[in-house]
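For reference, the structure discussed in these notes is given below.
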Amino acid sequence: MAAQTIPVDDFDLVIIGGTGDLAKRKILPGLFRRLCAGQMPETARIICAARSDFTQDEFKSFVREALEKFVKSKKKNKKQIEFFLERLSYIKLDALGDEGWEPLAKTLRKGVIHAFYFSVGPSLFAPLAERLLKHKITNDNSRIVVEKPFGRDLASAQALNAELARSFNEDQIFRIDHYLGKETVQNLMALRFANALFEPLWNSQHIDHVQITVAESIGVEGRGAYYDKSGAMRDMIQNHLMQLFCLTAMEPPATFDATSVRDEKLKVIKALDPILEVDIVRGQYRADGDSPSYQDESGNPDSTTESYIALKANLSNWRWVGTPFYLRTGKKLRNRASEIAVVFKDPPHSIFADSQDLKGNVLTIRLQPDEGINLSMTIKEPGPGGMRLTEVPLDMTFAEVLGDDELSIPDAYERLIMDVIRGDQTLFMRGDEVEAAWGWVDPIIKNWEEKQAKPAPYDAGGNGPDDSLMLMHKDGRRWREV
Ligand code: NAP
C-alpha cells in the first residue's frame, strides 16, 4: 500500500543552522524524501544559513554527501539528488550579528510561504526571532520552527515564550517535538478516536495501568557536556514522554484541530498530582568492563545528573483516578525501544476450570523499532486436549502493511515540516503546554538539587536500577520486557 501525499503550497524554507548535525541527518534528508514523494513542490526552495564559509558548490557537495549517507531508500537516484540540490542555496549569516540578514531578505520570494527553522542551540532562539523582526524579513504569514530544549525550567520557558511573543503570534510558533510526528503516535489517536471499540474501555474501570518506555542502548557519547546540564528529566520526561502520556490520557477532542487537541493535552498536565518522592527513581550508569561510566562520558567525575528515570504518575480526574501511569527512560539499557503499553485489567472470573491465570489484554503502541500496534489476546490453544488457553498477538507492524522502504513511511521530521508549511499546529506544543509541563517537573528537580541527591548506579546493558523494579513490585506489577 503506497502512502498518499497531498502536495503543500509553494514555500521558501530557511534552515538557520543548516550546516549542523540535525540539518544534515534529519531535516535535509527528510525534505529530499518529501520531494521524491511528490509532496514538496518542485518550485519550493531551501535556504541554509550558518556562520561557516561555504561557496554554493561546496555547500551542495556537503548536502550531497549527507543525502548519500542518511537517505537509505533503495529508490533514491542521482538525478533526484541533483534536482533537489538545485532547490538549495547557502547564505553566510550570524544569528548574533548583522551579517547575512540583508542577503537573506533579498533571497526570499514574494507570494510564497516563508518558514524559518531554528536548528541552532537554544541560546540563539530569542536573538533569531528578534533579528528576523528587526530586518523586516517576516510577515504575519511567516512561521518559525523552534527546536528543543524549550527552556530548562518554568522560568526560562516563560521568558523564552515572552521573547518569541514580541516578534511572532502564537499561531506562527511551531515548537517541535519529533515524537509527535511519528506514525504510531498519530495512530494512537486514530486508534482511540476512529474506532468505537477502545474508547468505552479507556478508563480506570478497565485499564489497570499504563507503561510508557523510551529506552536507549547507547550512552551520552559525544553529547556528554550538553547532557550533563540537562539529565533524563529535562531531556526526555518533560517533553517526549509527557507528550506521549498526554495523548494516551487526554479526553476526546471535539475536532482534530490544533486548539482542541492542545486544550485536551493541557488539561491532562493540569490534572497531574504532584509526584511523591517514593514514586520516582533516578539512576546513572556505571562503568562496566570496557564500557565507560556516565561520569567518564560526561567528563564530570562528580556528576549527579541522572541518565535514567522511572516514575509513577497519577491523574486526579474522573477517567483515570486509580490507574497509574508508569514512565521510564534511560541510556545504556538492554535495548533501544520505545512503546506505550496499555495494560487492561484481568478478566474478573475464569470459567475455565483447568486453566491457569487469565491475563489482561495489553495494547502496545510501538514507536521503535518496528513501528506498529499490537494487541495481546487470549485464545484457545489449537488442537484437541481440552480448553487450554494461550496468548497470541494481533499484530499490525506498519512496515508489513505499508512496505519498508523509507519513502513509504515518512520520518517524523519530514511530516512535521510539511505541517509547518500547511500551517497546522496540531502536532506541535503550545506555549502554555510547555510551561505546564515544566511546572510539574520543576519541584522534583528543585528537590534533588536542594538535597544534592545522588542517582542510583546501574549496569550498562541492563534494565536500570533495582529500585525501578521495586517501584512496580510494591504495587504488585512488573515492567514489560521491551
Ligand atoms: P550543531 O550540530 O551544533 O549545529 C548548530 C548549527 O548552528 C550549525 O549549523 C552552526 O553552524 C549554527 N550556528 C551556531 N552559531 C550560530 C550563529 N551565531 N549564527 C548562525 N548559525 C550558527 O547542533 P544540532 O545537533 O544540529 O542541533 C541544533 C538544534 O536542534 C539544537 O537546539 C538541538 O538541541 C536540537 N536537536 C538536535 C538533535 C540532533 O539529533 N542533532 C535532536 C533533537 C534536537 P556554524 O558553526 O557554521 O555557524
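Results, tabulated for the structure shown:
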item	result
Some residue of the range 233-253 being open to solvent by 30 Å² or more (accessible area, probe 1.4 Å) and in contact with a Ser or Thr (Cβ under 7 Å, 6 or more places away or on another chain)	no
Every residue from the range 68-99 that is among the acidic types (Asp, Glu), within 15 Å of the ligand (Cβ to nearest atom) and under 29 Å from the mean Cα position of the chain (by Cα)	Asp94
Answer residue from the range 38-76, given it is among the polar types (S, T, N, Q) and open to solvent by less than 70 Å² (accessible area, probe 1.4 Å) and is farthest from Ile137 (Cα to Cα) among those	Ser73
Residue check, Ser350 open to solvent by 40 Å² or more (accessible area, probe 1.4 Å) and among the polar types (S, T, N, Q)	yes
Members of the range 90-123 found to be touching a strand residue (DSSP E or B) at 6+ places or on another chain (Cβ under 7 Å), buried (at least 16 other Cβ atoms within 10 Å of the Cβ) and without any contact (Cβ under 8 Å) to a residue 40 or more places away in the chain, listed by number	none
Where Leu197 falls short, out of the listed (1) at pLDDT 95 or above; (2) open to solvent by 40 Å² or more (accessible area, probe 1.4 Å); (3) among the aliphatic types (A, V, I, L, M)	(1)
Identity of the residue in the range 1-49, basic (Lys, Arg), within 21 Å of Val146 (Cα to Cα) and more than 11 Å from the ligand (Cβ to nearest atom), that ends up modelled with the lowest pLDDT	Arg34
Criterion violated by His114 - all others in (1) touching a Pro at 6+ places or on another chain (Cβ under 7 Å); (2) more than 10 Å from the ligand (Cβ to nearest atom); (3) not hydroxyl-bearing (Ser, Thr, Tyr) satisfied	(1)
All positions within the range 424-456 that are of a type outside the set (D, E, K, R) and exposed (fewer than 15 other Cβ atoms within 10 Å of the Cβ)	Pro443, Asn447, Gln452, Ala453
Identity of the residue in the range 382-402, of a type in the set (Asp, Glu) and loosely packed, with under 14 Cβ neighbours inside 10 Å, that ends up modelled with the lowest pLDDT	Glu400
Pair list, Cβ under 7 Å, 6 or more apart: the range 144-168 residue farther than 24 Å from Tyr179 by Cα, other residue assigned to a helix (DSSP H, G or I) and open to solvent by 50 Å² or more (accessible area, probe 1.4 Å)	Ser167/Glu130; Ser167/Leu133
Leading residue by the ranking (least open to solvent (accessible area, probe 1.4 Å)) among those in the range 135-152 that are within 16 Å of the ligand (Cβ to nearest atom) and out of contact with any strand residue (DSSP E or B) (no Cβ under 9 Å at 6 or more places or on another chain)	Gly151
Total residues in the range 62-99, condition touching a helix residue (DSSP H, G or I) at 6+ places or on another chain (Cβ under 7 Å), modelled with pLDDT of 95 or more and part of a loop (DSSP other than H, G, I, E, B)	3
Strands (runs of 3 or more DSSP E) (entirely within the range 261-374) containing at least 2 residues that are over 23 Å from Asp466 (Cα atoms), over 19 Å from the mean Cα position of the chain (by Cα) and without any contact (Cβ under 8 Å) to a residue 12 or more places away in the chain	none
Selection count, the range 295-347, where residues are among the acidic types (Asp, Glu), open to solvent by 20 Å² or more (accessible area, probe 1.4 Å) and closer than 14 Å to Arg282 by Cα	0
Residue ID - least open to solvent (accessible area, probe 1.4 Å), chosen from residues in the range 162-194 that are within 16 Å of Leu128 (Cα to Cα) and assigned to a loop (DSSP other than H, G, I, E, B)	Phe168
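The values are calculated or read from the model by the stated rules, or taken from the named source; none is laboratory data. Note that the structure is a prediction, hence the values are computed from the model and not measured. FYI the Cβ positions are ideal-geometry reconstructions off the backbone, even for glycines, and counts take in every protein chain you see. For the accessible areas, the whole protein counts, side chains as well, though only heavy atoms, and no ligand, DNA or RNA atoms are used. Shrake-Rupley method; radii C 1.70, N 1.55, O 1.52, S 1.80 Å.
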